[in-house]
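Everything on this sheet refers to the single structure shown next.
The values are calculated or read from the model by the stated rules, or taken from the named source; none is laboratory data. These numbers come from a predicted model, not from an experiment. In this analysis, Cβ positions are derived from the backbone assuming ideal geometry, glycine residues included, and neighbour counts consider all displayed protein chains.
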Amino acid sequence: MAPSVLDAIEPLSLYRDSLRGAFRENAADFFNRLVAKSGIDAAANAATVSELRVAEALAADDERAASLWGWATGIAIAATACAIAGAAYLLDCGGPGDNMRAAGCAAAAVAAATLLFWQTLPRRRARMASAQAHRSEAERLRAIAESQMAPLNALFDWDAPARIIEKTLPGLTFDPYFTEGRLAELHDIFGFDPAFTAGKSVLGAHSGEINGNPFVFARLLQMSWGSKTYSGSRTVSWMETERGPDGKIHVVTRSQTLTASVTKPFPQYTRDTVLIYGNDAAPDLRFSREATSLSKAEDGFISRLRMKRRVHSLERFSRNLDDEYGYTIMGNREFEALFMTKDRSDEVQYRLLFTPLAQKQMLALLKDREVGYGDDFSFLKARKINVIRAAHLESADLDANPAKFASVELAESRRRFQGFCEEFFKATFFSLAPLLAIPLYSQTRTHENIYRDVLARTACHWEHESLANYLGENRFRHPLSVTRNILKTRVVGRSGDVAKVEVSASGFRTVGRTEHVPVTALNGRTYIVAVHWDEFLPVTRTSEIHASERSGMSLAEYRNAASTSAEWQEFFRNWGTDASRTAFRRGIVSF
């Protein structure tokens, strides 16, 4: 294997001094090549969009003015109505003198209001007509702009950020989609637990390899049971006797609103975004660490005191020979305090992994406040499998849907594309950075890929679940489900290159329940308060989709072939569908 830029790097400085600028240029160049390939006229589009923005602004101005004139018309009508009502009241209740004055005032008010009304109504109508004309012009210009941008919008594809990253960072490659071969590699060679996604639905996955070692970014939807509190109330009353100020006994009525509550199970849905990485280095080592605020602390007396206390605690833990861990603190106390892996299982392999260089590079990542995200990640190593979770990765947009870049304006499309790709690269790079900071990982390469041919081309169930979620929960959910649905898939048959995929959607329906709670009132009596609550009962619906891998085919190529190719038309006829009822995502056509 040829040397890679990832063989020996300090990830923080490499990104700051080289990769960030190189990626920005590569993304701009990628977009420019798409523009050139599309053949669109940038100047003509800019002129059309300029006219469009003017028409939209004029329409907005006219609509605001029409609204103001509408208010004025309303005020005129209200004033007239009030004047007539006031005059009627005075005529009905006042004396002869008041009647004359009321009639004169009312007549004057009605005349003034009528004049105002006839002045405002035509202006409002004129503004509304002008707004409609400008809106029509804006729609005409928007249609022209859409037509001008259509060739470029058709060229955007799902893999654009991945291709730019591969050019920027040799040694890192992305798969077109997550294959059975890649999943089998993680499981068979590195011991990845296939039950990792049990009860979870894969919303999206990006797999690949870095220096020959497999990885996958995955976003999962999972359900767990939380609780919800329901409340009910009841007002009760009773009679009491009391002695009044006059010394006599009186009967009085007392009342009280009684409240009660019950707490019941409630399904809650959360996302979990992870990076899973396989590497043969330190094959028996297990450890875990969590992000710590100590890495972000400003330099000062309190921070130094916290660091000193953390180090003393680790030193005491290291001297304790009675616990289940063989933890022995290393000389770099700052690294031990900030990275803190008290549960490591093998001190020899841990030191092979975290050499002085690795410790230095990891500390740079943890203490960074300007370039990346600092210490926002957890790190789990379970022998050959590494799992990274990061706050920035959880909030990152990893869905490179081409629709996000499509626009009627070239400048806006460029801004969206450039911004998305740069954020995608930063988020994925700094999730990989804790792994890249360990030289032994970059120097250790996995076995030759033994999963070729069929497995290397066949999409795995992670990709099918991602595809089903892209098509939308509503397509698969049970009609009685009132919650989100966990979509799980399995291949139940295959005809040629088309897989028949079963999609199981699991959600919950509700059944209204009532619980009667005894509550004691101030009179000492106990009353029953009814509390209504919802019981969540599981419902499942099974559907089917078909999926066919077309590795190497772009979205633009598929759209063209689906509409013009006789071969594809025959394919659609054989499966009882047509191009309008299919979706093409990341090299997989589904229907």
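Exactly one residue out of Phe508, Phe476 is surrounded by 13 or more Cβ atoms within 10 Å (Cβ to Cβ), closer than 22 Å to Ser261 by Cβ and aromatic (Phe, Trp, Tyr): that is Phe508. Considering segment 209-228, and only residues there that are modelled with pLDDT of 95 or more and surrounded by fewer than 19 Cβ atoms within 10 Å (Cβ to Cβ), the residue that is farthest from Thr444 (Cα to Cα) turns out to be Lys228.
Kindly indicate whether any position in segment 304-312 is at pLDDT 90 or above and closer than 30 Å to Lys228 by Cβ. No, there is no match, as no residue in segment 304-312 is at pLDDT 90 or above and closer than 30 Å to Lys228 by Cβ. On the basis of being more than 22 Å from His464 (Cβ to Cβ) and of a type outside the set (Lys, Arg), does Leu522 make the cut? So Leu522 fits the description; yes.
If we scan segment 514-528, do we find a residue that is part of a strand (DSSP E or B), within 30 Å of Glu180 (Cα to Cα) and free of Cβ contacts under 8 Å to residues at least 60 places away in the same chain? Within segment 514-528 (the criterion being part of a strand (DSSP E or B), within 30 Å of Glu180 (Cα to Cα) and free of Cβ contacts under 8 Å to residues at least 60 places away in the same chain), the answer is no, since none of the residues qualifies. Restricting Leu141, Leu169, Leu152 to those that are in contact (Cβ under 8 Å) with a residue 40 or more places away in the chain and under 21 Å from Arg559 (Cα atoms) reduces the list to Leu152.
The set of residues from segment 531-571 being exposed (fewer than 15 other Cβ atoms within 10 Å of the Cβ), touching a Phe, Trp or Tyr at 6+ places or on another chain (Cβ under 8 Å) and of a type in the set (A, V, I, L, M, F, W, C) comprises just one member, Leu537. Taking Tyr277, is it under 24 Å from the mean Cα position of the chain (by Cα) and either free of Cβ contacts under 8 Å to residues at least 24 places away in the same chain or not assigned by TED's automatic domain parsing to the domain that holds Val517 (or both)? So Tyr277 fits the description; yes. From the list Ser466, Ser413, the lone residue that is of a type outside the set (Lys, Arg), under 25 Å from Asp157 (Cβ atoms) and more than 20 Å from the chain's Cα centre (by Cα) is Ser413. Take Ile276 and decide whether it is assigned to a strand (DSSP E or B), β-branched (Val, Ile, Thr) and farther than 19 Å from Arg369 by Cβ. It is true that Ile276 is assigned to a strand (DSSP E or B), β-branched (Val, Ile, Thr) and farther than 19 Å from Arg369 by Cβ. Contact map, segment 555-581: first residue in a helix (DSSP H, G or I), second residue of a type in the set (Asp, Glu), Cβ cut-off under 8 Å, separation 6 or more or different chains; pairs are Leu555/Asp157; Ala556/Asp157; Ala561/Glu567; Phe572/Asp578.
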